[in-house]
Amino acid sequence: MKWTNTLISTQRDDPQEAEIPSHRLMLRAGLMRKLASGLYTWLPLGLKVLRKVETIVREEMDRAGALEILMPILQPRELWEKSGRWEAMGPIMLRSQTHGGRELALGPTHEEVVTDLVAREISSYRQLPVNLYQINTKFRDEIRPRFGVMRSREFIMKDGYSFDLDEAGADRSYRLMYQAYERIFRRCGLEAMAVEADTGVMGGKESHEFMVPAETGEDAIAVCPACGYAANVEQAAIGAGSSAPERTAEKLEEVATPGLRTVEELSGFFSAPPSRFIKTLIYLAGGKPAAVLIRGDREVNESKLARRLGAAAVLADGETIRAVTGAPLGFAGPVGLTGVEVLADYSVAAVADGITGGNREDLHLRHVNIDRDCPIPEYLDLAIAAAGDRCPSCSGNLAIRRGIEVGHVFKLGTKYSRSLGAVFNDERGEEQPAIMGCYGIGVSRTVAAIIEQHHDEKGIIWPAAVAPYQVLLLALAPDRPEVAAAAEDLTVRLSGRGLDLLYDDRSASAGVKFNDADLIGIPVRLTVGKKFLQTGLVEVKARNSDELHAVPPEEVPDLVERLLGQA
Ligand code: ATP
Ligand code: MG
């Protein structure tokens, strides 16, 4: 392909709106253009990459035995009513109406549609298992679309759904998809890691997210360098601390704290770090209040709390807080608190000489010795994991890393098969719901993640498997007939090997061409110009190395293939 015949418009300067490297480089290299917030057009160069990622995804899904289908993006309200998600999805789901007044959702995901399909197509155990997938557009009205296609309103997802006869089958499907995902990301040149993920309160049994480690990632991952444990911090368990400190012998003391409510305000007032405070938070779960104690410098993980309480937990309103503690918001404490379930996080056990609310307006207590003043029978894991916490599966300490979620596998159980009627007759003729799994890959996000992991200050460094072209041929002085002839000769030689070549035939300066070459990041660059006219040698350079090779044209294809093998 000649550069002058395609549409590649590069930009020298960083676009203002782009905060992270992949977003900046996708705009500068002319891979995509913004239409409106969270909406992007893929230009020819970017679309080639997107298609290559799609092809890898498709090949690996097919290899794992999944079957490709294509479902509508518009989905009738009635289906979402059946699963109970028309309400539950909230504002992230875009909704629309036909002129006849039928309400529709623009699919943020396709569990409802695929389960309805399977409910109609499957009746006997002989037809299972089945695993269906599509590569299609999704719509999510994200509150904060950002980072380009990393978090957009409209994006390409591969979503797959497995239906099995029993748990053992569902486990097998899950494992197959997990392994397919490992291969997909490896083939895309990504170093991705599977981490345990939150399954939600009502959710399935098991879930893993595939994370690409990156400083700019929106997710935090807890990892244990000692044993390899890895989990999203939303999910990460924490091990119990080893020993309790020696606690204060000083007398419990009341301190007037007029209008001081937050740990921050109180920390200044008492000249004590937040880790000396025992925060007491009143939650409501299933209509019942519960008091959660956690150290002042830690945050409650509401998923853990919900699992512990068996229902989603939300922070209580002022009226409930007053009814439970006798005081307005900001003055709750564990000493003398009765008539409510008290749950204490592990972190509280480490407070030797504590400060807490006094369950009276404008009052706090200091020199709280929990063992003496409000004994806790059992400490629990209720906090969001933080660096230095004990690993839940060994005696190591957790570290916190950032990552980009590129894929997600999830054991769904029977929630959707029951509500949408995906049942089959088993061998004894009894009706059973299919056991489901769902598996997503953010295809467009994967392209951005590849760039996050493969770039330098000059531009993108594409791994060969997903590069828009494998070879970039720069003709310096393309109007010289010998140069044009050499370019033509190299094009023929390389296309003979099935290599995809972009020929920069512009009459731009050498500087512009070299800069653009580094920016768009094609794995191998060939240069024919003045030096070629003098020596007959072609300059060959890999984007991921500084080494320059000078070889005669007939040796170029072998060298290119060797360099591509290392890209
Ligand atoms: P996130 O936590 O990042 O919002 P999610 O957990 O809601 O994502 P899933 O429902 O698991 O997303 O969707 C499957 C995959 O789709 C994700 O792993 C991610 O790669 C991709 N994805 C989700 N939302 C977006 C988005 N707004 N823009 C681009 N890709 C997305
Ligand atoms: Mg997810």
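Residues in the stretch 212-230: is at least one surrounded by 21 or more Cβ atoms within 10 Å (Cβ to Cβ), in a strand (DSSP E or B), at pLDDT 95 or above and among the charged types (D, E, K, R)?
no
On the basis of being over 24 Å from the mean Cα position of the chain (by Cα) and open to solvent by less than 40 Å² (accessible area, probe 1.4 Å), does residue 83 make the cut?
On the way: over 24 Å from the mean Cα position of the chain (by Cα): yes; open to solvent by less than 40 Å² (accessible area, probe 1.4 Å): yes.
Yes.
Kindly list, by first and then second residue, each pair from a residue in the stretch 409-424 that is over 19 Å from residue 168 (Cβ atoms) to a residue that is at pLDDT 95 or above and among the charged types (D, E, K, R), limited to pairs with Cβ atoms under 6 Å and residues at least 6 apart or on different chains.
Pairs that qualify, where the first residue is over 19 Å from residue 168 (Cβ atoms) and the partner is at pLDDT 95 or above and among the charged types (D, E, K, R), are 416/111; 419/82; 420/82; 420/116.
Within the stretch 45-63, which residues are within 23 Å of the chain's Cα centre (by Cα), buried (at least 19 other Cβ atoms within 10 Å of the Cβ) and aliphatic (A, V, I, L, M)?
49, 50, 53, 56, 57, 61
Does residue 42 meet the test of being at pLDDT 95 or above, out of contact with any Cys (no Cβ under 7 Å at 6 or more places or on another chain) and surrounded by fewer than 20 Cβ atoms within 10 Å (Cβ to Cβ)? Let's see the steps before the verdict.
On the way: at pLDDT 95 or above: yes; out of contact with any Cys (no Cβ under 7 Å at 6 or more places or on another chain): yes; surrounded by fewer than 20 Cβ atoms within 10 Å (Cβ to Cβ): yes.
It is true that residue 42 is at pLDDT 95 or above, out of contact with any Cys (no Cβ under 7 Å at 6 or more places or on another chain) and surrounded by fewer than 20 Cβ atoms within 10 Å (Cβ to Cβ).
Which residue, of 191, 154, 103, 167, is modelled with pLDDT of 95 or more, open to solvent by 10 Å² or more (accessible area, probe 1.4 Å), among the acidic types (Asp, Glu) and within 11 Å of ligand 1 (Cβ to nearest atom)? Outline the logic, then answer.
Values: 191 fails: within 11 Å of ligand 1 (Cβ to nearest atom); 103 fails: within 11 Å of ligand 1 (Cβ to nearest atom); 167 fails: within 11 Å of ligand 1 (Cβ to nearest atom).
One residue alone meets the criteria, 154.
From the list 272, 332, 285, exactly one residue is within 23 Å of residue 256 (Cβ to Cβ), hydrophobic (A, V, I, L, M, F, W, C) and without any contact (Cβ under 8 Å) to a residue 60 or more places away in the chain. Which is it?
Details: 272 fails: without any contact (Cβ under 8 Å) to a residue 60 or more places away in the chain; 285 fails: within 23 Å of residue 256 (Cβ to Cβ).
Exactly one of 272, 332, 285 is within 23 Å of residue 256 (Cβ to Cβ), hydrophobic (A, V, I, L, M, F, W, C) and without any contact (Cβ under 8 Å) to a residue 60 or more places away in the chain, namely 332.
Look at the stretch 239-274 and say how many of its residues are within 18 Å of residue 376 (Cα to Cα) and outside any loop (DSSP other than H, G, I, E, B).
Residues flagged as within 18 Å of residue 376 (Cα to Cα) and outside any loop (DSSP other than H, G, I, E, B) within the stretch 239-274 amount to 0.
Hey, which of the helices (runs of 4 or more DSSP H) in the stretch 414-524, taking only ones fully inside, have at least 1 residues that are modelled with pLDDT of 95 or more and closer than 19 Å to residue 539 by Cα?
Output list reads 481-495, 510-520.
Select from the stretch 531-567 the residues that are open to solvent by 70 Å² or more (accessible area, probe 1.4 Å) and hydrophobic (A, V, I, L, M, F, W, C) and list them in ascending order.
Correct list: 548 only.
If a residue has to be open to solvent by 20 Å² or more (accessible area, probe 1.4 Å), farther than 17 Å from residue 241 by Cβ and out of contact with any Asp or Glu (no Cβ under 8 Å at 6 or more places or on another chain) to count, how many in the stretch 351-373 make the cut?
Within the stretch 351-373, residues that are open to solvent by 20 Å² or more (accessible area, probe 1.4 Å), farther than 17 Å from residue 241 by Cβ and out of contact with any Asp or Glu (no Cβ under 8 Å at 6 or more places or on another chain) number 6.
Does the stretch 398-448 hold any residues that are open to solvent by less than 30 Å² (accessible area, probe 1.4 Å) and of a type in the set (D, E, K, R), and which are they?
411, 426
Among the candidates 355, 384, 404, 400, single out the residue that is more than 30 Å from residue 163 (Cα to Cα), at pLDDT 95 or above, hydrophobic (A, V, I, L, M, F, W, C) and within 16 Å of ligand 1 (Cβ to nearest atom).
On the way: 355 fails: within 16 Å of ligand 1 (Cβ to nearest atom); 404 fails: more than 30 Å from residue 163 (Cα to Cα); 400 fails: within 16 Å of ligand 1 (Cβ to nearest atom).
Only one candidate passes the filter, namely 384.
Just one of 35, 70, 74 is open to solvent by 50 Å² or more (accessible area, probe 1.4 Å), over 20 Å from residue 450 (Cβ atoms) and either outside the structural domain of residue 178 (by TED's automatic domain parsing) or without any contact (Cβ under 8 Å) to a residue 12 or more places away in the chain (or both); which is it?
Working: 70 fails: either outside the structural domain of residue 178 (by TED's automatic domain parsing) or without any contact (Cβ under 8 Å) to a residue 12 or more places away in the chain (or both); 74 fails: either outside the structural domain of residue 178 (by TED's automatic domain parsing) or without any contact (Cβ under 8 Å) to a residue 12 or more places away in the chain (or both).
Being open to solvent by 50 Å² or more (accessible area, probe 1.4 Å), over 20 Å from residue 450 (Cβ atoms) and either outside the structural domain of residue 178 (by TED's automatic domain parsing) or without any contact (Cβ under 8 Å) to a residue 12 or more places away in the chain (or both) holds for just one of 35, 70, 74, which is 35.
Suppose we filter 149, 118 for residues that are open to solvent by less than 20 Å² (accessible area, probe 1.4 Å), among the aliphatic types (A, V, I, L, M) and within 16 Å of ligand 1 (Cβ to nearest atom); which single one remains? Give the derivation first.
Details: 118 fails: within 16 Å of ligand 1 (Cβ to nearest atom).
Matching residue, one of 149, 118: 149.
Collect the residues in the stretch 257-273 that are more than 12 Å from residue 357 (Cβ to Cβ) and open to solvent by 50 Å² or more (accessible area, probe 1.4 Å), keeping them in residue-number order.
Of the stretch 257-273, the ones more than 12 Å from residue 357 (Cβ to Cβ) are 258-259, 264-265, 267-273.
Hits for the stretch 257-273 are 258, 264, 265, 268, 269, 271, 273.
When you go through (1) surrounded by 20 or more Cβ atoms within 10 Å (Cβ to Cβ); (2) farther than 30 Å from residue 172 by Cα one by one for residue 376, which number turns out not to apply?
(1)
Does residue 407 count as within 16 Å of ligand 2 (Cβ to nearest atom), small (Gly, Ala, Ser) and not assigned by TED's automatic domain parsing to the domain that holds residue 289?
Values: within 16 Å of ligand 2 (Cβ to nearest atom): yes; small (Gly, Ala, Ser): yes; not assigned by TED's automatic domain parsing to the domain that holds residue 289: yes.
In short, yes.
When you look at residue 427, is it under 30 Å from residue 153 (Cβ atoms) and either in contact with a strand residue (DSSP E or B) (Cβ under 8 Å, 6 or more places away or on another chain) or in contact (Cβ under 8 Å) with a residue 40 or more places away in the chain (or both), yes or no?
Numbers: under 30 Å from residue 153 (Cβ atoms): no; either in contact with a strand residue (DSSP E or B) (Cβ under 8 Å, 6 or more places away or on another chain) or in contact (Cβ under 8 Å) with a residue 40 or more places away in the chain (or both): yes.
Answer is no for this residue.
The rows are residues; the columns are (1) under 28 Å from the mean Cα position of the chain (by Cα); (2) surrounded by fewer than 17 Cβ atoms within 10 Å (Cβ to Cβ).
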position	(1), (2)
236	yes, no
255	no, yes
277	no, no
292	no, no
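Which number in (1) within 16 Å of ligand 1 (Cβ to nearest atom); (2) crowded, with 23+ Cβ neighbours inside 10 Å marks the one condition that residue 391 misses?
Failed condition: (1).
The values are calculated or read from the model by the stated rules, or taken from the named source; none is laboratory data. All values derive from a computational prediction rather than experimental measurement. As a convention, Cβ positions derive from the backbone with ideal geometry for all residues, glycine included, and neighbour counts pool all protein chains shown. Just so you know, the surface numbers come from the protein's heavy atoms only, side chains and all, with ligands and any DNA or RNA stripped out. Shrake-Rupley method; radii C 1.70, N 1.55, O 1.52, S 1.80 Å.
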